[in-house]
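The values are calculated or read from the model by the stated rules, or taken from the named source; none is laboratory data. All values derive from a computational prediction rather than experimental measurement. Positions of Cβ are generated from backbone atoms using ideal geometry, with glycine treated the same way; all protein chains shown enter the neighbour counts.
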């Protein structure tokens with residue numbers, strides 16, 4: 001039972017965090033030795049609207065768990081890793097405002113714990129638990145690698161294009177591994193695909209290499225997510 005209360009508290013802190021910090025529009029270009037103005041790895045601004053859906057769904061999840069699933073063993077197994085993601089995640093916007101490298105380490109921690117939670121999530125209560133966790137973990141898969149790409153370019157370790165290509169490939173590797181391990185989570189693939197589409201839109205007419213890779217990655221993720229959905233149908237062969 002204590003796990004569900006802890007998850008509710010962590011979720012509340014996470015949901016309140018945007019109201020306690022300045023609006024985050026990406027790392028400040030001047031935060032790096034090599035200024036990062038519209039880096040190729042970063043999705044178009046509209047893509048970040050997905051956070052609205054994530055916040056609402058996580059809030060509904062926490063409320064449902066608190067009201068209806070306090071003693072459910074399946075929920076308790078998910079609660080620990082998800083709390084370890086959302087709790088520290090409540091500080092991410094604040095940290096990102098002044099320490100991009102620390103923020104990158106933190107978001108990878110959030111991602112690791114979110115994936116741990118997703119892999120534990122039972123199919124029961126799919127729309128109340130597995131689906132919101134999948135959407136959150138999918139977006140973090142993209143966001144963590146975007147953060148890494150900006151840092152790599154910002155410190156001159158790779159060119160903007162090189163950082164984008166490397167980090168898109170890394171994100172795809174994680175995404176495909178998750179979809180292979182847990183194929184019936186289309187929300188995870190949808191979030192990763194949404195980010196890849198945003199990257200493609202932002203690079204259209206500017207960076208052919210990143211645009212092409214993002215679109216190819218989107219196609220592969222969509223195909224694998226669709227295959228997982230098909231296999232999960234009761235009447236599938």
Practice task
Determine whether residue 180 is over 25 Å from residue 55 (Cβ atoms) and part of a helix (DSSP H, G or I).
Solution key: yes
Exercise for the section: State whether the residues of the stretch 221-234 include one that is under 27 Å from residue 24 (Cα atoms), modelled with pLDDT of 95 or more and touching a helix residue (DSSP H, G or I) at 6+ places or on another chain (Cβ under 8 Å). Expected result: no
Handout entry: Residues of the stretch 183-214 satisfying the condition of being under 12 Å from the mean Cα position of the chain (by Cα) and either part of a loop (DSSP other than H, G, I, E, B) or more than 21 Å from residue 161 (Cβ to Cβ) (or both)
Key = 187, 188, 189, 190, 191, 193, 194
Practice task
Residue by residue through the stretch 43-61, note down the ones that are crowded, with 21+ Cβ neighbours inside 10 Å and over 16 Å from residue 187 (Cβ atoms).
Solution key: 43
Exercise for the section: Looking at (1) in a helix (DSSP H, G or I); (2) within 22 Å of residue 164 (Cβ to Cβ); (3) touching a residue at least 12 places away in the same chain (Cβ under 8 Å), find the lone condition where residue 40 falls short. Expected result: (1)
Practice task
Mind counting the residues in the stretch 67-92 that are in a helix (DSSP H, G or I), surrounded by fewer than 18 Cβ atoms within 10 Å (Cβ to Cβ) and touching a helix residue (DSSP H, G or I) at 6+ places or on another chain (Cβ under 9 Å)?
Solution key: 4
Practice task
For the stretch 90-103, state whether one or more residues are touching a residue at least 12 places away in the same chain (Cβ under 8 Å) and farther than 24 Å from residue 154 by Cα.
Solution key: yes
Fill in the blank from the handout: Filtering the stretch 22-42 down to residues that are closer than 25 Å to residue 82 by Cα and surrounded by 13 or more Cβ atoms within 10 Å (Cβ to Cβ) yields 24, 26
Fill in the blank from the handout: The correct count of residues that are in contact with a helix residue (DSSP H, G or I) (Cβ under 7 Å, 6 or more places away or on another chain) and surrounded by fewer than 22 Cβ atoms within 10 Å (Cβ to Cβ) in the stretch 114-135 is 8
